[in-house]
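These notes concern the structure reproduced below.
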Amino acid sequence: MAQATLRTGALSFFESLIMGLAGSAPGFSIATTAAVLLATAGTVSVNALIVFAVPMLGIAIAYKGLNKEMPRAGAGFDWTTESFGALWGFFSGWAVLIATLVFIVSGSLTLGTNLMDIVDPGLANNLIATTALGAICYFGIGMVLIAGIGLTSKVQVVMTCVELGILSVVAIAAFVHAGLHGPVQMPSLSWLKFGYTPGSFAASALVVVFFYWGWDVCSNLGEETTDHPPNAAGNGGFYSIFITIGIFVAFVVSAMVLFTMKDAQGYNVNIVNQIAVTAGLGTVGGKFASFAVVLSGIATLETSMLQFSRTLFSMSRERAMPTLMAHIDPRTQTPARTTVLLIVLGLAMIFASSFIPTVGQIITDSVDAVAVQVCYYYGIAGLVCAWVHRRALTQSVGTWVLYALYPFLSALALIVLGIYACTTFNTITLIVGIGGLLIGIVFFRPKRWGIEPPPAPAE
């Protein structure tokens with residue numbers, strides 16, 4: 001029987017770039033994480049966004065190089081299995097699955113909160129109401145994914161372009177307002193210095209990892225992306241990071257010139273709305289800003305679900321997980337079963353989260369838990385790229401530095417960061433972050449799941 005395949009050539013380079021931007025979710029990340037970063041790094045938050053983007057770019061180069069060699073739906077899972085064996089490959093894929101599930105909770109709750117703030121502001125702090133609304137949105141996103149990658153991509157392009165347009169207006173308005181009326185905090189070169197406290201350096205790095213995480217969905221869609229221009233999926237993810245760096249820096253600076261540090265640190269649900277209102281765009285501008293965050297939340301949930309479904313499909317196709325999930329819907333050429341499973345698991349976890357007292361606590365714990373899991377699987381991918389290109393030095397020093405040395409150092413930095421961060425976590429974060437990874441032992445099979453298919457008959 002022929003191996004299951006996805007729909008090839010369904011996505012263009014532009015659509016891949018959009019997927020990378022949507023995965024990093026500028027609006028959502030700023031709304032939920034900017035206050036956390038400001039509380040952690042303080043006045044050197046701008047430095048954190050720039051400095052800790054360096055290892056992230058190293059990993060993006062690794063994904064770019066590996067996707068060129070081996071475009072696979074499983075991305076890190078497939079590459080790691082190929083180079084380091086089944087055990088390391090399995091846990092690389094498993095980390096993606098767990099990180100996605102954890103993120104779905106905070107993502108859906110934040111989406112519900114911001115959408116409720118537009119529909120009925122009086123219920124925006126009601127955890128039950130926002131949870132229910134977030135769950136409804138999550139279910140709807142899942143239905144779009146089941147309909148096929150074509151519709152999914154078209155919806156994604158529209159949402160992300162509108163989101164970026166609104167965010168651009170808000171950021172420009174913030175700088176104009178600060179220029180006309182004077183900044184609350186005067187911009188200073190000290191914002192670019194290494195003024196971290198002993199305990200804030202690693203914590204700030206972890207928050208920034210969460211900020212940038214998500215662009216790698218492009219590689220999970222590598223089998224479905226055109227190869228004209230070559231390596232469109234790898235390049236889409238790589239170039240998207242530069243755009244997100246610019247947006248993140250612009251909004252953190254906007255928050256610092258419009259608010260006192262204490263006030264900015266308190267806007268932990270939707271600082272984008274506060275920036276729009278304070279910048280003089282009024283209530284209407286604030287509503288549009290909240291709408292951009294909603295679009296971003298929908299977009300990033302969609303890319304997270306794409307990443308989960310393609311990773312689990314690939315793991316099942318290679319018999320690292322039960323082969324039942326390796327099925328491709330013949331009409332849409334998408335792994336519909338993995339998406340249905342994710343919808344069920346996600347709704348169950350969203351419901352369970354309603355028993356946690358506040359949305360803010362859920363966001364804080366999930367940021368740390370997801371970030372350490374991302375450090376692990378990004379780090380492994382960097383090591384794989386360094387291993388694959390280890391002999392490039394004999395052919396080109398530049399290629400060796402770019403695809404072996406830089407990814408290796410970036411991987412080392414992220415792995416050390418993840419290990420150190422674990423020593424600072426509270427019990428809940430440790431259980432979610434580390435316990436989630438260890439649960440994978442239950443599903444790992446050294447001899448793989450199911451029966452090995454017979455070899456293809458000779459021509």
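Rule-based calculations on the coordinates, nothing more; no lab input. Owing to the predicted nature of the structure, the values given are computational and were not obtained by experimental measurement. Please note: Cβ atoms are built from the backbone with ideal geometry, for glycine as well, and neighbour counts cover all protein chains shown.
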Requested in this report: Post the alpha-carbon centroid distance, the range 230-274 to the range 173-211, in whole angstrom.
Outcome: 11
Requested in this report: For helix 359-388, report the angle its Cα long axis makes with the longest principal axis of the Cα atoms of the chain; keep it between 0 and 90° and round to the nearest 10°.
Outcome: 40
Report summary line: Per the rule of 0.36 nm per residue minus the C-alpha distance, extending Val416 to Ser190 adds in nm 78.7 nm
Query raised in the report: Where Rh is the Kirkwood radius over the Cα pairs of the range 190-277, the temperature 25 °C and the viscosity 0.890 mPa s, what D in µm²/s does Stokes-Einstein return?
Result: 157
**Report entry** Integer Hz, Karplus 6.51/-1.76/1.60 couplings in order for the range 67-77, x for Gly and Pro
**Finding:** 5, 5, 7, 9, x, 9, 5, x, 6, x, 4
**Report entry** For the range 152-166, 3J(HN,Hα) per residue [Karplus equation, 6.51 cos²θ - 1.76 cosθ + 1.60, θ = phi - 60°, Hz, x = Gly/Pro]
**Finding:** 4, 5, 4, 4, 5, 4, 4, 4, 5, 5, 5, 4, 5, x, 5
Requested in this report: May I ask for the Rg/Rh ratio of the range 375-420, computed from Cα atoms with Rh as the Kirkwood radius, given to two decimals?
Outcome: 1.05
Report summary line: For the range 138-146, Karplus-derived ³J(HN,Hα) couplings (6.51, -1.76, 1.60; θ = phi - 60°; whole Hz; x for glycine and proline) come out as 4, 4, x, 4, x, 5, 5, 4, 5
Query raised in the report: Taking amide H positions as placed 1.01 Å from N in the peptide plane, with prolines and chain starts having none, which residues 5 or more places from Leu11, or on another chain, fall under 5 Å of its amide H?
Result: Thr225, Thr226
Requested in this report: May I ask for the equivalent-ellipsoid semi-axes of the range 118-167, computed as the square root of five times each C-alpha gyration tensor eigenvalue and listed largest first in whole Å?
Outcome: 25, 17, 6
Query - Theoretical ellipticity at 222 nm over the chain - DSSP helices of four or more residues, -39500 (n - 2.57) apiece, nearest 500 - result: -23000 deg cm²/dmol
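Quick one: pull the percentage of alpha-carbon pairs in the chain with a separation above 28 Å.
The share of Cα pairs beyond 28 Å in the chain comes to 48 percent.
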Query - Amide H contacts of Gly195 (H built 1.01 Å from N, under 5 Å, at least 5 apart or other chain) - result: none
Report summary line: Between the alpha carbon centres of the range 138-160 and the range 12-90 the gap in Å comes to 21
Query - Binned Cα-Cα distances of the range 26-117, short to long, each 5 Å bin given as a whole percent - result: 3, 11, 13, 16, 16, 17, 13, 8, 2, 0
Query raised in the report: Using the count of nearby Cβ atoms within 10 Å as a rough guide to exposure, how do His389, His327, His181 rank from fewest to most?
Result: His181, His327, His389
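Give me the extension gain from Met261 to Val162: residue separation times 0.36 nm, minus the current Cα-Cα distance, reported in nm with one decimal. Before the final figure, lay out the partial values.
Numbers: separation 99, 0.36 × 99 = 35.64 nm, distance 2.96 nm.
Additional length available on full extension: 32.7 nm.
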Query - Taking all pairs of distinct alpha-carbon atoms in the range 133-212, Kirkwood radius in angstrom - result: 17.1
Report task. Report, largest value first, the span of the C-alpha coordinates of the range 54-190 along each principal axis, in whole Å. Result -> 59, 44, 28
**Report entry** Exposure proxy order (Cβ contacts within 10 Å, fewest to most) of Cys137, Cys385, Cys422
**Finding:** Cys422, Cys137, Cys385
Requested in this report: Kindly express, to the nearest 10 degrees and within the range 0 to 90, the angle between helix 26-41's C-alpha long axis and the longest C-alpha principal axis of the chain.
Outcome: 70
Query - Point-charge dipole on Cβ atoms (K/R +1, D/E -1) for the chain, about Cα centre, debye to 20 - result: 440
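Given the Cα-Cα distance of Val401 and Lys154 and 0.36 nm per residue of separation, how much length would full extension add, in nm?
Length difference between fully extended and current span is 85.2 nm.
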